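> Can you keep this structure in mind? I'll have questions shortly.
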Protein chains: 2
Amino acid sequence: MVRKKPATLSDIAAKIGVAPMTVSRVVNSTGYVSDRTRERVMRAVTEMNYRPNGLARNLKRQRTETVGLVLGDISNPYSTEIANAVREGLTARGFNLFICISEHSAKEDIAAFDSLVDHNVDGIIVATRSNKEGDERLARIADRNIPVVVVGRDFHHDHVDSIAADNFAGGFDATQHLIDLGHKRIAFIGASFDNRGSLKRLQGYLAALTEHDIPVDERLITGRKETISDVPGYSTEKIGYEGMKRLLSLPKRPTAVFARNDFTAVGAMTAIKEAGLSIPKDIAVVGFDDTPLALHTLPPLTTVRQPMRLQGQLAAELLLRRITNVEPVDVEERILECELIVRQSTVA
Amino acid sequence: MVRKKPATLSDIAAKIGVAPMTVSRVVNSTGYVSDRTRERVMRAVTEMNYRPNGLARNLKRQRTETVGLVLGDISNPYSTEIANAVREGLTARGFNLFICISEHSAKEDIAAFDSLVDHNVDGIIVATRSNKEGDERLARIADRNIPVVVVGRDFHHDHVDSIAADNFAGGFDATQHLIDLGHKRIAFIGASFDNRGSLKRLQGYLAALTEHDIPVDERLITGRKETISDVPGYSTEKIGYEGMKRLLSLPKRPTAVFARNDFTAVGAMTAIKEAGLSIPKDIAVVGFDDTPLALHTLPPLTTVRQPMRLQGQLAAELLLRRITNVEPVDVEERILECELIVRQSTVA
DNA sequence: TGATATTAAGTTAACGTTAACATCACACTA
DNA sequence: TAGTGTGATGTTAACGTTAACTTAATATCA
């Protein structure tokens with residue numbers, strides 16, 4: 001498309017017969033400029049629809065006042081809440097936020113990192129799941145002393161802060177709650193047994209069973225076997241629904257299910273109700289995340305609340321600390337507590 | 001924080017005793033470079049952890065291969081789906097996507113536009129709701145011949161393409177469907193009567209009633225009176241729940257409700273079930289958007305599907321057309337059809 | 001064998017801005 | 001009246017890259 005060249009500082013300067021520097025001073029409200037000159041410049045700026053070229057400005061200034069946030073699948077409340085909290089923390093301090101999406105693939109993770117680095121953002125917050133190539137690139141970025149903070153990602157580096165919810169404890173508590181209610185056959189929906197290496201919620205579930213000498217029955221752990229390229233990365237209603245169907249067809253069905261997240265729990269609940277069973281009498285259900293939805297299921301969903309906003313706030317705070325501090329700062333690795341919210345899907 | 005200066009082209013060049021241009025050629029795989037030199041450069045690049053400075057490169061090249069997307073509240077499937085579709089369309093063509101969030105306030109809208117323009121993005125897709133100041137700024141940006149496409153935003157400009165779902169027809173069809181089923185007292189949840197000026201779904205509802213000579217009862221239209229600064233902008237389960245409660249307490253309650261979106265519908269369904277009423281026998285429910293959730297409510301939700309992905313795809317396509325085309329292009333203003341999906345929340 | 005390509009570099013001058021310094025006029029002070 | 005301050009500008013040289021041009025060596029061909 002024919003794009004007439006946008007006006008530059010020099011264009012304005014030439015038009016009214018002053019030095020570009022004078023225009024720069026007006027535009028940035030720095031240094032001395034007489035009222036008369038200022039006004040003439042202003043008029044020209046408006047007339048020519050001038051906007052400073054950010055690239056040139058940032059190149060010269062060596063900072064962009066912009067932060068990048070890399071999210072996986074954005075269609076889940078976790079990403080969303082974090083993004084909002086990060087944004088609030090940053091805009092309050094005058095920083096812009098650019099969000100990049102990488103649908104949980106290493107390649108896209110890297111592409112996102114690179115495009116942010118290429119735009120010279122002042123720092124990066126990463127909230128995608130860990131993967132080998134991505135971690136390597138991230139380490140290289142951190143090596144270059146670009147401030148990086150990871151959220152909910154298993155990544156460690158000399159000067160990368162990390163924040164995560166205590167998913168293990170959350171999974172443990174959820175399962176413990178069901179055990180306390182007398183359940184022995186407790187299912188897990190949302191991942192396969194093979195994911196136990198990386199999925200903390202599943203680990204918590206397994207640990208709780210073990211602690212109470214309840215044997216682990218692999219048939220009770222159901223859900224897509226997760227790979228990094230799964231899209232969406234977030235476990236869905238569909239997975240919950242189908243997983244529950246499978247569980248219901250077992251010779252001896254579970255009396256309780258712990259779903260990996262609320263969406264999955266909702267899908268499971270649908271399957272349970274369709275089978276004509278009652279919640280929690282026949283089968284108790286626990287979710288995870290305490291999304292707004294959890295209040296509006298029938299019955300309302302018992303779930304584990306993770307402090308999503310807090311994670312975002314902290315991420316913004318720690319990143320700004322790194323960006324602003326002249327002195328090197330110590331690494332912070334925070335694990336935040338989760339809270340079991342008991343509702344009627346487990347106790348009538 | 002102590003940030004040791006990142007290596008530049010010249011640093012590499014100095015280190016191995018060649019001209020910066022030669023390094024540039026290696027890095028960009030352009031022009032002629034001997035194998036020996038190439039290899040030496042490559043080694044130095046790795047050794048010094050060199051990455052080209054995107055600001056400088058883009059400043060020189062006068063393009064960034066980056067597109068900005070401005071979303072309102074990202075915590076709703078509409079934003080999410082559009083973002084994903086846009087992203088797909090762009091990455092396929094080698095463009096990066098930066099997403100900015102503006103919680104539906106004019107101020108933040110403008111801040112987002114500005115920060116994108118400042119980073120010299122090659123084009124902008126705007127999917128936030130219309131507001132006066134924002135529209136003005138957007139017009140100024142379009143005046144500068146920066147490619148702009150709006151999605152679901154009521155904005156018209158000589159060279160800004162626009163895309164939207166036919167929300168009016170969707171609202172009409174949903175209401176028509178309920179009328180066809182014999183309903184006379186049909187409520188609308190999710191906005192107030194005062195929003196009829198801007199809310200197409202509500203207009204469709206009103207038009208359908210009028211066409212069938214059903215008098216409009218303002219008490220049956222309930223929901224937050226919307227202002228631009230509402231956060232989140234998306235109508236929620238809570239609003240649906242509370243709205244339905246109000247409707248149920250009316251002397252003569254409705255026999256059907258059309259909810260502004262699926263979330264609102266889910267909230268309404270909870271309220272209906274809590275009141276011991278049956279869906280659809282006592283009260284029929286229609287939602288809007290056909291989110292994944294709609295399949296997993298009980299009963300499954302009748303809803304209006306709007307082509308979210310398509311909107312995103314088209315937006316990417318039209319924007320790329322503007323970015324790529326050397327010739328001026330005609331304005332495209334597309335209104336996409338919606339589709340009524342009938343499920344058991346209206347017909348048993 | 002000279003003419004013409006091809007390969008492999010180097011040089012120069014921007015892209016648009018601003019930090020740092022320089023200049024000059026004028027007012028004020030001792 | 002010289003000395004100092006300060007207000008209002010201008011000048012220069014980067015920031016890191018690359019397009020466009022130049023140079024020089026080597027290869028190819030009639």
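The values are calculated or read from the model by the stated rules, or taken from the named source; none is laboratory data. A quick note: this is a predicted structure, and the numbers were derived from the prediction, not measured. Neighbour counts are summed over all protein chains in view; Cβ atoms, including those assigned to glycine, are modelled from backbone coordinates with ideal geometry.
> Condition first: modelled with pLDDT of 85 or more, under 26 Å from the mean Cα position of the chain (by Cα), surrounded by fewer than 17 Cβ atoms within 10 Å (Cβ to Cβ) and assigned to a helix (DSSP H, G or I). Can you find one or more residues in the range B:210-229 that meet it?
no
> So, in the range B:23-36, exactly how many residues are at pLDDT 95 or above, over 24 Å from B:Asp122 (Cα atoms) and of a type in the set (S, T, N, Q)?
Number of matching residues: 0.
> A further question follows. Identify all residues within the range B:173-194 that are in contact with a helix residue (DSSP H, G or I) (Cβ under 6 Å, 6 or more places away or on another chain) and farther than 13 Å from B:Phe258 by Cβ; write none if there are none.
Here is the first cut: in the range B:173-194, the residues in contact with a helix residue (DSSP H, G or I) (Cβ under 6 Å, 6 or more places away or on another chain) are B:175-176, B:186-191, B:193.
Correct list: B:Phe193 only.
> If you take the residues of the range B:157-190 that are within 20 Å of B:Met308 (Cβ to Cβ) and among the aliphatic types (A, V, I, L, M), which of them is surrounded by the most Cβ atoms within 10 Å (Cβ to Cβ)?
B:Ala174
> Specify the residue that is nearest to the other protein chains (Cβ to nearest Cβ); the eligible residues are those in the range A:84-97 that are hydrophobic (A, V, I, L, M, F, W, C) and either at positive phi or surrounded by fewer than 23 Cβ atoms within 10 Å (Cβ to Cβ) (or both). Before the answer, list the steps.
Residues of the range A:84-97 hydrophobic (A, V, I, L, M, F, W, C): A:85-86, A:90, A:92, A:95, A:97.
In the following step, the residues that additionally are either at positive phi or surrounded by fewer than 23 Cβ atoms within 10 Å (Cβ to Cβ) (or both) were identified as A:85, A:92, A:95.
Values: A:Ala85: 11, A:Ala92: 12, A:Phe95: 9 Å.
Per the criteria, the residue is A:Phe95.
> Could you tell me whether A:Ser115 is under 30 Å from B:Asn49 (Cα atoms), within 15 Å of DNA strand D (Cβ to nearest atom) and under 19 Å from the mean Cα position of the chain (by Cα)?
Yes: the conditions hold for A:Ser115.
> Would you call B:Ala44 more than 8 Å from DNA strand C (Cβ to nearest atom), touching a Lys or Arg at 6+ places or on another chain (Cβ under 8 Å), farther than 28 Å from B:Thr324 by Cβ and of a type in the set (Gly, Ala, Ser)?
Working: more than 8 Å from DNA strand C (Cβ to nearest atom): yes; touching a Lys or Arg at 6+ places or on another chain (Cβ under 8 Å): yes; farther than 28 Å from B:Thr324 by Cβ: yes; of a type in the set (Gly, Ala, Ser): yes.
So B:Ala44 passes the test.
> Okay, moving on. Answer yes or no as to whether B:Thr46 is of a type in the set (Ser, Thr, Tyr) and within 12 Å of DNA strand D (Cβ to nearest atom).
Considered against the rule, which asks whether it is of a type in the set (Ser, Thr, Tyr) and within 12 Å of DNA strand D (Cβ to nearest atom), B:Thr46 comes out as no.
> Here's another thing I want to ask about it. Is the range B:20-39 home to any residue that is more than 10 Å from DNA strand C (Cβ to nearest atom) and touching an Asp or Glu at 6+ places or on another chain (Cβ under 9 Å)?
Scanning the range B:20-39 turns up no residue that is more than 10 Å from DNA strand C (Cβ to nearest atom) and touching an Asp or Glu at 6+ places or on another chain (Cβ under 9 Å).
> Does B:Glu108 count as surrounded by fewer than 24 Cβ atoms within 10 Å (Cβ to Cβ), under 24 Å from A:Val121 (Cα atoms) and in contact with a Gly (Cβ under 8 Å, 6 or more places away or on another chain)?
no
> Taking the range A:283-298 on its own, how many of its residues are buried (at least 22 other Cβ atoms within 10 Å of the Cβ), outside any loop (DSSP other than H, G, I, E, B) and in contact (Cβ under 8 Å) with a residue 12 or more places away in the chain?
Counting residues in the range A:283-298 that are buried (at least 22 other Cβ atoms within 10 Å of the Cβ), outside any loop (DSSP other than H, G, I, E, B) and in contact (Cβ under 8 Å) with a residue 12 or more places away in the chain gives 7.
> Out of (1) in a loop (DSSP other than H, G, I, E, B); (2) farther than 19 Å from A:Leu298 by Cβ, the odd one out for B:Pro280 is which?
That leaves (2) as the condition not met.
> Then there is this: Find all pairs meeting these conditions: Cβ atoms under 6 angstrom apart; at least six residues apart or on different chains; first residue within the range B:22-42 and within 14 Å of B:Leu9 (Cβ to Cβ); second residue outside any helix (DSSP H, G or I) and hydrophobic (A, V, I, L, M, F, W, C).
That search, which allows pairs on different chains as well, returns B:Arg25/B:Val33; B:Val26/B:Val33.
> Return the residue satisfying two criteria in turn: it lies in the range A:12-46 and is within 13 Å of chain B (Cβ to nearest Cβ) and surrounded by 12 or more Cβ atoms within 10 Å (Cβ to Cβ), and of such residues it is nearest to A:Val117 (Cα to Cα).
Result: A:Val27.
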